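Here's the structure we're looking at; comments come further down.
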Amino acid sequence: MTDTTPRAGAPLLGAAQAQKHITHNEALYQLDALLCARFLDRDLSAPPSSPADGDAYLVKSTATGAWTGQDSKIAYCADGSWRFYAPFAGLVAYVADETALVVFDGSAWVDYGSLIAIQNVPLLGINTSADSTNKLSVQSNAALFSDVPTSSGGSGDIRVALSKQAPSNAATLLFQDNFSGRAEIGLTGDDDFHVKVSPDGSAWFEALKLSRGSGVVLLSTGQLRFPSLQNASIDVNTLDDYAEGTFTPSLFGSAVTGAGTYTTRSGSFTKIGNKVIFAINLVWTAHTGSGTMNISGLPFTSNSDVVAVSNFNSGISLNTGNLLQLFILASSSSLSIRQVPSGGGSSTTVAISSSGTIYASGVYTAQ
């Protein structure tokens with residue numbers, strides 16, 4: 001028969017032993033130290049200066065002072081002195097300063113959770129309660145999924161997979177405001193990729209769909225809005241603006257601007273990137289201006305190019321055999337009106353006409 005218990009090494013009473021209370025009390029001390037063990041700290045290699053009876057520590061290498069030679073043992077204070085006990089495999093302890101449970105695996109202390117195999121758990125709630133619908137529930141201000149690096153045997157990649165049973169089912173990410181849906185992305189009822197939004201969680205609008213077969217992007221509402229202020233790009237393959245609208249053209253003279261009396265006066269444009277497609281309709285019955293004739297009011301200032309504009313006109317006095325020609329000059333939002341011989345030659349100015357008609361359309365590059 002041995003003198004100690006086989007696992008914890010607690011002393012046993014011998015037959016006809018004298019002063020049995022000493023052995024018995026020592027066993028009780030050891031039981032007090034090991035039963036539901038609690039370590040105040042496991043990072044000290046020197047004993048604290050004023051321990052209280054019942055305090056226990058896990059001695060860190062390399063121990064000094066009263067703990068010298070007791071590396072990795074449990075230091076237990078009783079009656080003002082230290083007692084030391086070797087841990088045994090399976091001993092569980094609570095580390096108070098870390099609020100952590102640890103277990104001795106026979107050679108080292110490891111986190112208790114690392115030895116628990118979590119497989120086929122029916123429900124898991126982290127900081128909240130899971131239920132039959134939300135079998136995994138997490139209440140947190142942040143969540144992190146990180147790769148296993150190659151240095152730890154991983155690939156360095158990270159991928160989250162959502163798999164559904166059949167095309168008619170859904171595999172999506174749902175974004176909510178106080179548990180009411182506001183946006184959803186993923187495979188919603190088929191295998192195309194959808195982007196949906198909702199103002200209230202009940203009415204839903206599909207904004208975007210990506211075809212699974214071709215990658216074609218479908219604007220489900222048929223509308224794409226650009227900001228009112230263009231964010232210009234120097235990349236020739238980037239569309240950075242689109243706008244449609246109207247403007248009010250005005251006939252004016254170079255010497256005296258004047259004012260016209262119009263029966264028709266309209267302008268419309270479409271801007272795609274930096275290209276402006278426009279149309280002007282002007283019919284006037286009187287004008288008070290003088291000098292050469294021009295038209296102002298283009299919606300965007302042109303770049304450094306000079307652009308000829310096609311037109312139809314009537315009722316405007318021109319030199320015999322001449323044709324009316326309109327130009328957008330460099331860095332301008334106006335049209336210059338000139339006349340040129342039908343057979344070619346130099347252009348000359350056109351005096352502002354008291355009445356007439358000009359229908360013009362063209363394309364120019366905006367600044």
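Annotations for the structure displayed:
- Alpha-carbon Debye profile of the stretch 171-313, log10 I(q)/I(0) at 0.11, 0.12, 0.15 Å⁻¹: -0.68, -0.74, -0.90
- For the pair SER354 and LEU173, the difference between a 0.36 nm per residue extended length and the Cα-Cα distance amounts to 58.5 nm.
- For VAL92, VAL350, the sequence from fewest to most other C-beta atoms within 10 Å is VAL92, VAL350.
- Kirkwood hydrodynamic radius computed over the stretch 258-367 comes to 14.4 Å, based on all pairs of distinct alpha carbons.
- Amide hydrogen proximity for SER220: with H placed 1.01 Å from N in the peptide plane, the residues at 5 or more positions away or on another chain lying under 5 Å are LEU208, LYS209.
- Subtracting the Cα-Cα distance of ALA259 and THR68 from 0.36 nm times their residue separation leaves 58.2 nm of extension gain.
- Of SER45, SER336, SER228, the one that fluctuates the most in a GNM where the chain has Cα springs shorter than 10 Å: SER45
- Cβ crowding within 10 Å ranks LEU44, LEU218 as LEU218, LEU44, fewest other Cβ atoms first.
- The stretch 278-288 - phi-based ³J(HN,Hα) in whole Hz, Karplus 6.51/-1.76/1.60, Gly and Pro as x: 9, 9, 10, 10, 10, 10, 10, 10, 7, 7, 9
- Rounded tilt (10° steps) of 20-34 against the dominant C-alpha axis of the chain: 10 degrees
- Full-stretch length increase - ALA279, SER180 - with 0.36 nm per residue and alpha-carbon distance subtracted: 30.9 nm
- Dimensionless Rg/Rh of the stretch 114-221 - Kirkwood Rh, Rg from C-alpha atoms: 1.04
- The chain: Cα Rg divided by the 2.2 N^0.38 Å rule of thumb: 2.12
- In this structure the amide hydrogen of ALA78, modeled in the peptide plane, comes within under 5 Å of the amide hydrogens of GLY54, ARG83, none closer than 5 places in sequence on its chain.
- Residue-wise HN-Hα coupling along the stretch 239-247, computed from phi with Karplus coefficients 6.51, -1.76, 1.60 (Hz; x: Gly, Pro): 8, 10, 6, 8, 8, 10, x, 10, 8
- Value of [θ]222 nm, deg cm²/dmol, for the chain, DSSP H segments ≥ 4, -39500 (n - 2.57) each, nearest 500: -1500 deg cm²/dmol
- On the beta carbon distance between SER146 and LEU239, with R0 = 41 Å, the FRET formula returns roughly 0.65.
- LEU224-GLN17 pseudo-label distance in nm [points 7 Å out on the Cα-to-Cβ vector]: 8.9 nm
- For the stretch 20-114, the relative contact order is 22 percent, taking Cα pairs closer than 8 Å that sit 6 or more residues apart in sequence and dividing their mean separation by the residue count.
- Phi-derived couplings, Karplus 6.51 cos²θ - 1.76 cosθ + 1.60 at θ = phi - 60°, listed residue by residue for the stretch 310-319: 6, 7, 10, 8, 7, x, 10, 6, 10, 4 Hz, with x used for Gly and Pro.
The numbers here are math on the coordinates, done by the rules we state, and not lab data. As the structure is a computational prediction, the values presented were derived from the model and not from experiment. Glycine also receives a Cβ, built like all others from the backbone with ideal geometry; neighbour counts cover every protein chain displayed.
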